[in-house]
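Only one structure is covered here, and it is reproduced in the block below.
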Amino acid sequence: MIFAVEEINRNPFLLPNVTLGFQIYDSCRMRQRSLEGTLWMLAGKKHPAPNFRCQQNLPLVGIIGDAGSSSSIVMARVLGLYRYPQISYVSSSPLLTDRNQFPSFFRTIPNDNFQSHGLTQLLVHFGWTWVGLLIEDNDYGQQGANVLKQELANTGACIAFSENIILSRADRNALHIIRVIKNSTANAIVIFSSDAGVTPLMDEMMKHNVTGKVWIASEGWSTSTVLSVEKYSQVLTGAIGFATYSGEIPGFEEHLNSVHPSRSTDDMFVMKFWEEAFGCKWVNAEESTGLWKNSSTVCTGNEKLDKLHIDYNDVTNLRGQYNTYTAVYATAWALHDLNACSNWEHSLLNEMCADILKFKPWQILHYIKNVHFKNKGGGPEVSFNQFGEVPAQYDIINFQQNADGTLRHVRVGRYDSSATEGQTLIINTSAILWASRATQIPSSVCTKSCSPGFRKAVIEGEPLCCFLCVQCPLGEISNQTDSADCLKCPWDRWPNAQQDLCIPKSTEYLSYQDTLAVILAVICILCSLIPSAMLCLFVHNRNTPIVKANNRSLSFLLLLSLSLCFLCSLAFIGFPTPEKCLLRQVAFGIIFALCVSCILAKTIMVVIAFNATKPNSNLRKWVGPQLSYVVTICGTLIQIFICVSWLSLSPPFSQNNILTHPGTIIIECNEGSPIAFWIMLGYLGFLATVSFIVAFLARKLPDSFNEAKFITFSMLAFLSVWLSFIPAYLSTKGKYMVAMEIFAILSSSSALVFCIFSPKCYIILLRPEMNTREYLMGREKGQSN
């Protein structure tokens, strides 16, 4: 303060022709003394005289102080009555923002609410969500901690424990605190206290070898020289904390080094300071410090302060000093603006400019409220908001060990409440050295973070920071760490293996690109050539007895329909377009109905032809191809009617099935009406059953080319295939269900081809002597005998 006043008095541009003076009063950290000193300064003498000032020609511009918030509150209640400006350089209690109670209070240090907000951002920045809290049992600790707890709750962090540092106890409640720390999993511990509360606590920490913790310091002890000595380095190395902004004061180091007993004869402390600084003793001094009474070194006055490297002349971290320097300059600039007032300026407010030697307290208060300036050493612009506060600025400091074991406070970041959003807290993480000189950020969480693909599940009775990591359900993802909920993927997407990303679902249908589909298609085409070849063979040998037997036209139609049966399987392969879905089952049903109807007609004709040979038989009129045509047409028309009704009422359609196989879109044909589908199959089964029964009854009739026994075997195989198809069809899904139906079509069609026509082809090709009328007549005679 003395340096600032002298610098201002030397400045020809600030308060020209005006000299500032000062009075210094030591409150000894006692509220009673602070109040007493305030009343002395108001009265201008060493005895309180309320409402009266003895030194009328030396007006009081303002009071700088006090340091402690409790003392400043006592002072501010009195000074606010008279509207005398008061500027504190250390008092940070949020209570002092109340302008109704403290209308003339200002400060050059941010209030603790900003510090609590900044500490919260610091904890969030490093991902420390499981935090211990040690609180000094006074207004500074309790109020700051309450705000910090609220801020942490808003971010989702949790307090692992909260313990008081009891100042009234010699050990500060250290033993209990150490037990709590050892039993807790929290590694990050915030200490909201002054160095008076922390020092005994750290002594006990060393005795109990409590290491590996990250201490987060409030500005009350973050730059304490008491805690920077070598013995605390084992515990405090790697600590990080908030410190009041450190500004530059040009010329201050020279001012400190210029102190000398010969130039400060009226300063009672200088000679004592000199003895302690240089370890010497003044020979002619009336008093000497007890520490150096037996010293053999004599103080000469030639000692040089600039040769010492002690805290006294260390100006690398001017924090409280810079705040004091700013407070003095704020008062000076306000007085300068008052002195520079023009009556024209104040005529708009119906006020007259004040005389610099006779102004009222409320007049200088007006100018302090509106002051704007920058300090000589640069730094941010100084101005007071509506609460009498400057913009909150803090340095983020890291405790790092020097070569000699002592601790130094390295600036690794800053907090600036006036910065744009996202730039409020800036930290150079690479400059931080943690405990044991580690560079990796320590962890302090109750539960390790849930990786993407998992969500947090609350554990009953535990804080929110203690949770279980539960994998997301099927069809859901979480793409963030510590996600509270999982998100459903859209219908056409499915989670990847890690369940942190929705990817397009795979599509499934019996495609021609599948090996299975290619094999089935080749078999279909090859099998369709067999009845086609048989048809050509039969047409070539159409006049032979074996072809003419049992209606050769019906045989031709049956072979043609069997060839179509094989080919209709191809409609089930490939992308299920709406047209395919509409026609494939219908085509299959009608063609198979035609096929089985032909077989039924053949069987009926065998029975009628045999019975018509009996004397006086009424069945002779039914002998002829007309009956077989009628049976074939009627059997087919009924199936056509079923299929047309199906297409009219509930036709099949193409659909994307997302329910059968999670993660896969099965592109399939929905049959529309399952009842109609099973009616169609049931009708085929009915025709086949009737054919089987009739053929079974006619299997032993005497006929050289009797087909009944072959039809019996073919219908037995046909029915066996389709009865086996039903459970297999119902138990499979997707492309394998389609493949199962194709297999059933191929199997049943092959049974008909080989059971009915292969014996005839054998005779035509390999036993032509059996395919003559003479052989036929001879065999019929043998059967009749």
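Data overview
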{"read-out": "Given (1) within 16 Å of the chain's Cα centre (by Cα); (2) in a loop (DSSP other than H, G, I, E, B); (3) crowded, with 16+ Cβ neighbours inside 10 Å; (4) not polar (S, T, N, Q), number of the condition K448 does not satisfy", "value": "(3)"}
{"read-out": "Number of positions in region 226-253 that are among the acidic types (D, E) and either assigned to a helix (DSSP H, G or I) or touching a Lys or Arg at 6+ places or on another chain (Cβ under 6 Å) (or both)", "value": "2"}
{"read-out": "Number of positions in region 85-117 that are in a loop (DSSP other than H, G, I, E, B) and surrounded by 23 or more Cβ atoms within 10 Å (Cβ to Cβ)", "value": "9"}
{"read-out": "Subset of region 8-34 (residues that are in contact (Cβ under 8 Å) with a residue 24 or more places away in the chain and either open to solvent by less than 60 Å² (accessible area, probe 1.4 Å) or in a loop (DSSP other than H, G, I, E, B) (or both))", "value": "I8, L14, L15, V18, L20, G21, S27, R29, M30, S34"}
{"read-out": "Test: residue in region 702-710 that is surrounded by fewer than 16 Cβ atoms within 10 Å (Cβ to Cβ) and more than 20 Å from L594 (Cα to Cα)", "value": "yes"}
{"read-out": "The listed residue being open to solvent by 10 Å² or more (accessible area, probe 1.4 Å) and touching a Lys or Arg at 6+ places or on another chain (Cβ under 8 Å), out of A587, A571", "value": "A571"}
{"read-out": "Restricting region 196-215 to residues that are under 38 Å from the mean Cα position of the chain (by Cα) and β-branched (V, I, T), the residue that is surrounded by the fewest Cβ atoms within 10 Å (Cβ to Cβ)", "value": "T211"}
{"read-out": "Among (1) hydroxyl-bearing (S, T, Y); (2) modelled with pLDDT of 85 or more; (3) not in a helix (DSSP H, G or I), the one test that S724 misses", "value": "(3)"}
{"read-out": "Search result, residues across region 49-67 that are over 21 Å from D337 (Cα atoms), at pLDDT 80 or above and open to solvent by less than 30 Å² (accessible area, probe 1.4 Å)", "value": "G65, D66"}
{"read-out": "Failed item in (1) open to solvent by 60 Å² or more (accessible area, probe 1.4 Å); (2) in a loop (DSSP other than H, G, I, E, B), with G405 passing the rest", "value": "(1)"}
{"read-out": "The lone exception for P50 - which of (1) free of Cβ contacts under 8 Å to residues at least 60 places away in the same chain; (2) in a helix (DSSP H, G or I) it fails", "value": "(2)"}
{"read-out": "Check on L627, aliphatic (A, V, I, L, M), open to solvent by 40 Å² or more (accessible area, probe 1.4 Å) and at pLDDT below 90", "value": "no"}
{"read-out": "Strands (runs of 3 or more DSSP E) (entirely within region 476-569) containing at least 2 residues that are of a type in the set (A, V, I, L, M, F, W, C) and under 60 Å from the mean Cα position of the chain (by Cα)", "value": "502-504"}
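Okay, residues lined up against (1) over 25 Å from H125 (Cα atoms); (2) modelled with pLDDT of 90 or more; (3) among the small types (G, A, S); (4) open to solvent by less than 50 Å² (accessible area, probe 1.4 Å):
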position	(1), (2), (3), (4)
S193	no, yes, yes, yes
S218	no, yes, yes, yes
Y232	yes, yes, no, yes
T265	yes, no, no, no
F269	yes, no, no, no
G279	yes, no, yes, yes
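The values are calculated or read from the model by the stated rules, or taken from the named source; none is laboratory data. Small disclaimer: the values here were computed from a predicted structure and weren't measured. All Cβ positions, glycine included, derive from the backbone under ideal geometry; neighbour counts span all protein chains shown. The protein model used for the area step is the full one, side chains on, heavy atoms only, and it has no ligands, DNA or RNA in it. Shrake-Rupley method; radii C 1.70, N 1.55, O 1.52, S 1.80 Å.
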